[in-house]
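None of the figures in this text is laboratory data; all of them are computed from the coordinates on show. Computed from a prediction, not measured in an experiment: that's the story for all the values here. Neighbour counts are summed over all protein chains in view; Cβ atoms, including those assigned to glycine, are modelled from backbone coordinates with ideal geometry.
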Amino acid sequence: MIFDDKFIELVMGCICEPVFAVFVNGSLISWFRSTMGLHLGNPLSPYLFVLRAKVLMRLIKHEEGRGRLTGFSLDNGQWFIS
């Protein structure tokens, strides 16, 4: 399975170099880099995982809408994944 370089870049950016933005009432207040990861057993881990997954899905849909990401077919075109 081969993924587009842009898709790989988006995923790796979420995993390797997380940067966070603080918004208050819809206005950007500041950006900051994560200095430590979350560890297994941290009570915030499941919530942050879901939050990151939603952000990633939104980024994917945005890029797909702009035509920069496309799906791929499996099994000689019988299945299409987008």
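Using 0.36 nm times the number of residues separating Lys61 and Trp31, minus their current alpha carbon distance, what extension gain do you get?
8.5 nm
Between Lys6 and Arg52, with labels modelled 7 Å along Cα→Cβ, what's the label distance in nm to one decimal, could you check?
2.3
Could you put Arg52, Arg33 in order, starting from the residue whose Cβ has the fewest other Cβ atoms within 10 Å?
Arg33, Arg52
Out of residues 5 or more away from Leu69 or on other chains, whose amide H comes under 5 Å of its own, with H placed 1.01 Å from N in the peptide plane?
Those lying under 5 Å, H to H, from Leu69 are Glu64.
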